[in-house]
1. Out of Thr243, Thr221, report the one residue that is under 24 Å from Leu119 (Cα atoms) and touching a Ser or Thr at 6+ places or on another chain (Cβ under 7 Å).
2. Name the pairs: first residue in segment 204-223 and charged (D, E, K, R), second residue buried (at least 23 other Cβ atoms within 10 Å of the Cβ) and part of a loop (DSSP other than H, G, I, E, B), Cβ to Cβ under 8 Å, at least 6 apart or on different chains?
3. So for segment 185-199 (the condition being over 13 Å from Thr80 (Cβ atoms) and not aliphatic (A, V, I, L, M)), does at least one residue qualify?
4. Can you pull out the residues in segment 24-43 that are touching a helix residue (DSSP H, G or I) at 6+ places or on another chain (Cβ under 9 Å) and among the small types (Gly, Ala, Ser)?
5. Please pick out the residue among Thr202, Thr243, Thr221 that is farther than 30 Å from Trp130 by Cβ and either of a type outside the set (A, V, I, L, M) or over 17 Å from the mean Cα position of the chain (by Cα) (or both).
6. Hey, among Thr145, Thr73, which residue is touching a residue at least 40 places away in the same chain (Cβ under 8 Å), part of a helix (DSSP H, G or I) and either touching a Pro at 6+ places or on another chain (Cβ under 8 Å) or not β-branched (Val, Ile, Thr) (or both)?
7. List the number of the failed condition for Val209; all other conditions in (1) within 21 Å of Met106 (Cα to Cα); (2) more than 22 Å from the chain's Cα centre (by Cα) hold.
8. Go through segment 162-265 and tell me which helices (runs of 4 or more DSSP H), entirely inside it, have 3 or more residues that are more than 29 Å from Leu78 (Cβ to Cβ).
Amino acid sequence: MNRQSRFIVSILAFGYAFLYVPLVLVVVYSFNDSRIATVWGGFSVRWYGELFRNEQILDAAFLSVRIALTSATIATVLGTMAGLALARFRRFKGRTLFSGMITSPMVMPEVITGLSLLLLFVALQQTTGWPGQRGFGTITIAHTTFAMAYVAVIVQSRLMSMDESLEEAAMDLGGHPLRVVFDITLPLIAPAMAAGWLLAFTLSLDDLVIASFVSGPGSNTLPMYIFSKVKLGVSPDINALATLIIGFVSIGVFAAWLITRRKTS
């Protein structure tokens, strides 16, 4: 191995260590018997039991999953419609403005997005009485707002690379445009829609800043709960929670890799 190869291997090893060593330490210290997360006190699984007995964590996790499922589904529907409009109706009045409004949540700072949505909900509450309390509904709307942009971009890019002759042939054979959309277009862009849904679900589940603005008392999401706990110091039950999340993500990635490998083999 020459000097250049050793340098490349060293850089790769350092990069992977920088990414994964902290995750390994979190997993290891989740089995720590000590109440102090950074002091090893022996092997134990007591903090996993404490985790499942903590109703605040369970409620926050359940709320986050509900919000993520709802917002990802709505964002996929609206984002697909927006992507279809941008890809198939390339010339209509206000297209540039519409495209800018669709993609602006992707580049807008989360603080600005959260603050603007908070002001919107406060104004609506003062004028119409809705929302009576900020919580599941307001967080879902906020997450749908920015997640929809990612779905629209993914679907639009898939439609731009798709052969339009398939849709044209279906219409030449007498297919109604709406029937063509459901029978031809949507099945072809289904992988892009699935990717957009998964991305929207992940973004919603991971969001902290925007949810902090649009949530109310008693509606803490899991990232908000973890952040409030970490400010006072990392506790072993948070390490256990992080380990479970790492495990679920690893299982999902491995399952996706296994399915892809079987389809390509």
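No value in this document is a laboratory result; all are computed from the given coordinates. These numbers were taken from a predicted model, which means no experiment stands behind them. Cβ sites come from the backbone with ideal geometry, for glycine too, and all protein chains shown count toward neighbours.
1. That would be Thr221, the only listed residue that is under 24 Å from Leu119 (Cα atoms) and touching a Ser or Thr at 6+ places or on another chain (Cβ under 7 Å).
2. Once the first residue is charged (D, E, K, R) and sits in segment 204-223, its partners that are buried (at least 23 other Cβ atoms within 10 Å of the Cβ) and part of a loop (DSSP other than H, G, I, E, B) give Asp207/Thr221.
3. No, segment 185-199 contains no residue that is over 13 Å from Thr80 (Cβ atoms) and not aliphatic (A, V, I, L, M).
4. Those that are touching a helix residue (DSSP H, G or I) at 6+ places or on another chain (Cβ under 9 Å) and among the small types (Gly, Ala, Ser): Ser30, Ser34, Ala37.
5. Result: Thr243 is the single residue among Thr202, Thr243, Thr221 that is farther than 30 Å from Trp130 by Cβ and either of a type outside the set (A, V, I, L, M) or over 17 Å from the mean Cα position of the chain (by Cα) (or both).
6. None of the others qualify; the one that does is Thr145.
7. Against the list (1) within 21 Å of Met106 (Cα to Cα); (2) more than 22 Å from the chain's Cα centre (by Cα), Val209 comes up short only on (2).
8. Working: elements: 165-172, 177-180, 186-206, 209-214, 222-230, 236-264.
Hits in segment 162-265: 222-230, 236-264.
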